[in-house]
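Right, one structure below, let's go through it.
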Amino acid sequence: QVQLVESGGGLVQAGDSLRLSCATSARTVGNYNMGWFRQAPGKEREFVAAVSRSAGRTLYAEPVKGRFTVSTDNAKKTVFLQMNSLKPEDTAVYYCALTLFEISALDTTYRYWGPGTQVSVSS
């Protein structure tokens, strides 16, 4: 069983930064890659960013390009999402997810999901 646990969410003001972490217990899984998604109230879940653990390749959604950075510490089986210049429209529950395939913006390719962490940005 693979478990993902996010941390680092909170309430901040516009322009502030937050760093989300996602720890995985993927001992029984072979090669895998990680992604971040978010869901705002009343909206569909949307892709935020993803990182290839072996190649270091990254993928970002347009609204967060230049503000968010995704990275991974393979030794610690942890993925991070550094969020700078936060805006009120970034308010959402943020989920990390694990895929056994190449990184993608499609949530259907991710097999395991964390419970989510709330990020709230006030104006």
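The values are calculated or read from the model by the stated rules, or taken from the named source; none is laboratory data. All values derive from a computational prediction rather than experimental measurement. We work out accessible area using only protein heavy atoms, side chains counted, and drop any ligands, DNA or RNA first. Shrake-Rupley method; radii C 1.70, N 1.55, O 1.52, S 1.80 Å.
Just to confirm, what accessible area per residue do you get for the chain at 1.4 Å probe, in whole Å²? All intermediate terms of the calculation are to be shown ahead of the outcome.
Working: 6450 Å² over 123 residues.
I get 52 Å² per residue for this part.
I need the phi-derived Karplus couplings for region 103-117: 6.51 cos²θ - 1.76 cosθ + 1.60, θ = phi - 60°, integer Hz, Gly and Pro marked x.
These are the phi-based 3J(HN,Hα) values: 4, 7, 8, 8, 5, 5, 8, 9, 8, 10, 9, x, x, x, 9 Hz.
Could you work out Rg/(2.2 N^0.38 Å) for the chain, with Rg from alpha carbons only? All intermediate terms of the calculation are to be shown ahead of the outcome.
Values: Rg = 13.4 Å, N = 123, 2.2 N^0.38 = 13.7 Å.
This ratio for the chain stands at 0.98.
Just 41, 63, 88 to compare: in a GNM of the chain, with alpha carbon springs under 10 Å, which one fluctuates most?
It is 41.
Round to a whole number: what % of the accessible area of the chain belongs to carbon and sulfur, probe 1.4 Å? If you can, show how the numbers build up before the last one.
Details: 3090 of 6450 Å².
Looking at the chain in its full context, I get 48 percent from C and S.
Out of all DSSP beta bridges with both ends in the chain, state the antiparallel percent to the nearest 5. Kindly include the intermediate steps, with their values, before the conclusion.
Values: 36 of 40 bridges.
Of the beta bridges lying entirely in the chain, close to 90 percent run antiparallel.
Could you grab the relative contact order for the chain? Cα pairs under 8 Å, six or more apart, rounded to a whole percent.
Values: 316 pairs, mean separation 44.3, N = 123.
Reported relative contact order: 36 percent.
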